[in-house]
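See below for the structure under consideration.
The values are calculated or read from the model by the stated rules, or taken from the named source; none is laboratory data. As the structure is a computational prediction, the values presented were derived from the model and not from experiment. Heads up, the Cβs are rebuilt from the backbone with ideal geometry, glycines too, and the neighbour counts pull from every protein chain shown.
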Amino acid sequence: MENPINRTNCPNNIAGEPKAIKLVEDAVNNLYNFQERYFDNHTIEEAAIKIFRVKDVITDTLKTLEEHKDAALKCSRAKYYYQLGRVHNLLPSYSFDAEEALAKAVKLDPHLVPAWNELGECYWKRDNIYEAKMCFEKALVQNKNKVSLRNLSMLLRQEPCKTPDQKVKNVDLGVDLARQAVQLDTTDGASWSVLGNAYLAAFFAIKQNPRTLKQAMSAYAQAEKDPSTRNNPDLHYNKAVAHKYEEEYKQALMSFNRAIERDPSWESPKNKQMQLLTYLNSICDMIENKGKLKIKKINSLLQGLDNKHLGPYDGGLYTAASGQSCRLELIHISQLKDGLNSEKVIIGKVICSVNDEDSVPFTFCMMDKEQTVVSVTVYNLAQGTGVIIGDSVAVPEPYLTHFSFNFSGKDFKFNGLRVDSPLVLVVNGKKLGRDKLASTQLSTFKMAHY
């Protein structure tokens with residue numbers, strides 16, 4: 001542990017705080033403020049040169065630290081090396097200089113909580129999750145703080161797990177830790193962003209529940225209120241992911257745009273936006289061209305479509321969304337209204353599946369006897385399962401959304417049904433079994449810094 005210092009003997013002492021250390025801290029804080037609040041003083045068009053400007057400020061900050069090094073070291077070696085480590089640790093890539101300085105800081109003063117957190121992030125950058133976790137836990141032993149809590153929340157979701165149950169426990173704990181971080185400071189956008197990511201991870205790892213997505217979106221909205229995080233490209237990327245699975249496609253495309261604008265060199269939002277556009281174009285194309293099936297094939301498929309394919313929904317009782325038992329009324333797809341169609345059922349033939357590079361949701365198009373076509377997205381479906389062309393599918397109490405929007409000069413117009421559990425579907429006259437229900441797994445749709 002660092003030897004106690006008589007601060008009155010430190011050079012340039014002002015108001016009980018060593019001037020040299022104060023100058024060093026101010027310089028580093030100004031660096032971080034420049035990076036976090038860059039777009040408060042620069043236009044979006046200047047995003048591409050942000051990294052170069054940040055590096056220039058890093059160079060100037062290191063010069064300032066060097067100028068005051070001797071005086072600062074006489075007052076607090078631990079604090080000086082902590083601030084030096086912060087400078088080297090600002091960029092996303094791992095820095096040996098950062099690790100070296102921060103390791104010195106915690107060795108000199110094991111009670112310096114911010115240094116433990118910074119060192120943990122440094123270890124994390126070189127994929128040393130074990131050492132990173134140890135750092136955050138040591139910081140929490142000293143003091144319950146938001147930085148350690150939110151870092152542990154993120155780390156737990158990336159920690160390798162031997163069993164699916166352990167993965168679920170980690171994700172659950174990650175949500176709890178992120179909530180605790182927010183409770184410590186409800187104005188901190190970084191903590192709100194991490195909480196949003198925690199909910200998004202829970203959507204994939206536990207259950208693909210629309211309510212969980214709404215919780216994520218609510219957290220992201222809080223994060224955007226903080227000037228330090230509202231222009232973070234990671235925030236807009238992850239928000240786009242949540243919009244995509246809420247089936248708010250225009251908002252998803254726009255959020256990807258915001259991520260691209262704020263970091264033009266980052267390829268992930270560009271790729272994911274293009275994938276989503278391809279997916280939406282495929283749906284529109286398949287609906288308009290009836291799965292690209294020939295008339296003879298369509299007539300053959302629809303010829304055998306009758307009430308027997310409703311299976312248990314043909315005159316049997318169904319537990320409706322209201323909780324009441326009812327008999328479902330068979331209607332045509334054209335008769336569906338926007339939103340939940342209570343106590344109704346539709347039936348049709350699968351005419352195509354729609355490829356999506358992400359594993360969630362499973363998407364297909366179905367056609368009824370009137371040859372009306374609608375897309376269907378099925379969530380919580382086990383990987384490797386689904387329906388194929390020619391299958392009959394009955395959907396009870398269908399939830400219809402009419403999509404109509406324009407993006408980059410392209411119109412997207414189609415009707416879609418969202419099915420949150422495959423267990424309600426009747427395929428070829430039989431209800432799907434629990435073996436069709438998804439087990440614990442994360443989607444291939446990766447979040448940023450989650």
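Of all residues in the range 331-343, those satisfying the criterion of being buried (at least 16 other Cβ atoms within 10 Å of the Cβ) and either in contact (Cβ under 8 Å) with a residue 60 or more places away in the chain or in contact with a helix residue (DSSP H, G or I) (Cβ under 8 Å, 6 or more places away or on another chain) (or both) are I333, L336.
Report, by residue number, each residue of the range 336-378 that is among the acidic types (D, E) and more than 23 Å from the chain's Cα centre (by Cα). Reasoning before the result, please.
Narrowing the range 336-378 to residues among the acidic types (D, E): 338, 343, 356-358, 368, 370.
Listed by number, the residues that qualify are D338, E343, D368, E370.
Please specify each residue of the range 61-75 satisfying the condition of being acidic (D, E) and exposed (fewer than 13 other Cβ atoms within 10 Å of the Cβ). Within the range 61-75, E66, D70 qualify.
Here G291 passes the criteria (1) touching a residue at least 12 places away in the same chain (Cβ under 8 Å); (2) surrounded by fewer than 18 Cβ atoms within 10 Å (Cβ to Cβ) except the one numbered (2).
On inspection, N231 does not qualify as crowded, with 23+ Cβ neighbours inside 10 Å, in contact (Cβ under 8 Å) with a residue 24 or more places away in the chain and under 24 Å from I49 (Cα atoms). The residue of the range 61-90 that is farthest from the chain's Cα centre (by Cα), among those that are of a type in the set (K, R) and over 16 Å from Q35 (Cβ atoms), is K74.
Looking across the range 207-224 at every residue that is farther than 21 Å from L149 by Cα and charged (D, E, K, R), the one that is modelled with the highest pLDDT is identified as K214.
For residues that are outside any helix (DSSP H, G or I) and modelled with pLDDT of 90 or more, scanning just the range 153-206, find the one that is surrounded by the fewest Cβ atoms within 10 Å (Cβ to Cβ). Give the steps one after another, and end with the answer.
Restricting attention to the range 153-206, the residues satisfying the condition of being outside any helix (DSSP H, G or I) are 159-163, 185-188, 206.
The next check asks that each one be modelled with pLDDT of 90 or more; those that pass are 185-188.
On the way: D185: 15, T186: 9, T187: 11, D188: 20.
Filtering the range 153-206 for residues that are outside any helix (DSSP H, G or I) and modelled with pLDDT of 90 or more, the one surrounded by the fewest Cβ atoms within 10 Å (Cβ to Cβ) comes out as T186.
Working carefully through the options K79, K107, K63, K74, find the one that is over 22 Å from D234 (Cα atoms), at pLDDT below 95 and part of a helix (DSSP H, G or I). It is K74. Examine the range 115-128 for a residue that is surrounded by 18 or more Cβ atoms within 10 Å (Cβ to Cβ), assigned by TED's automatic domain parsing to the domain that holds Q35 and not in a helix (DSSP H, G or I), and state whether such a residue exists. No: zero hits.
Does D411 satisfy the condition of being in contact with a helix residue (DSSP H, G or I) (Cβ under 9 Å, 6 or more places away or on another chain), assigned by TED's automatic domain parsing to the domain that holds K349 and buried (at least 17 other Cβ atoms within 10 Å of the Cβ)?
no
State which residue is modelled with the lowest pLDDT when the search covers only the range 15-45 and only residues that are among the acidic types (D, E) and loosely packed, with under 15 Cβ neighbours inside 10 Å. Selected residue: E17. Take the conditions (1) within 17 Å of the chain's Cα centre (by Cα); (2) crowded, with 18+ Cβ neighbours inside 10 Å; (3) under 24 Å from Y399 (Cβ atoms); H309 misses just one of them, which is (1). Counting only residues that are in a helix (DSSP H, G or I) and over 19 Å from S148 (Cα atoms), the range 95-104 holds 5 of them. Within the range 87-94, is there a residue that is touching a residue at least 40 places away in the same chain (Cβ under 8 Å) and either in a helix (DSSP H, G or I) or among the aromatic types (F, W, Y) (or both)? Yes, the range 87-94 contains at least one residue that is touching a residue at least 40 places away in the same chain (Cβ under 8 Å) and either in a helix (DSSP H, G or I) or among the aromatic types (F, W, Y) (or both). For the range 403-414, name all the residues that are in a strand (DSSP E or B) and either of a type in the set (S, T, Y) or over 25 Å from the mean Cα position of the chain (by Cα) (or both). Selection gives S404, K410, D411, K413, F414.
What are the residues in the range 236-273 that are touching a Gly at 6+ places or on another chain (Cβ under 8 Å) and either hydroxyl-bearing (S, T, Y) or outside any loop (DSSP other than H, G, I, E, B) (or both), if any? Don't jump to the end; show me each part of the working.
So in the range 236-273, the residues touching a Gly at 6+ places or on another chain (Cβ under 8 Å) come out as 238-239, 242, 247.
Across the range 236-273, the qualifying residues are N238, K239, A242.
A single entry from L302, L317 fulfils the requirement of being among the hydrophobic types (A, V, I, L, M, F, W, C), surrounded by fewer than 16 Cβ atoms within 10 Å (Cβ to Cβ) and out of contact with any His (no Cβ under 8 Å at 6 or more places or on another chain): L317.
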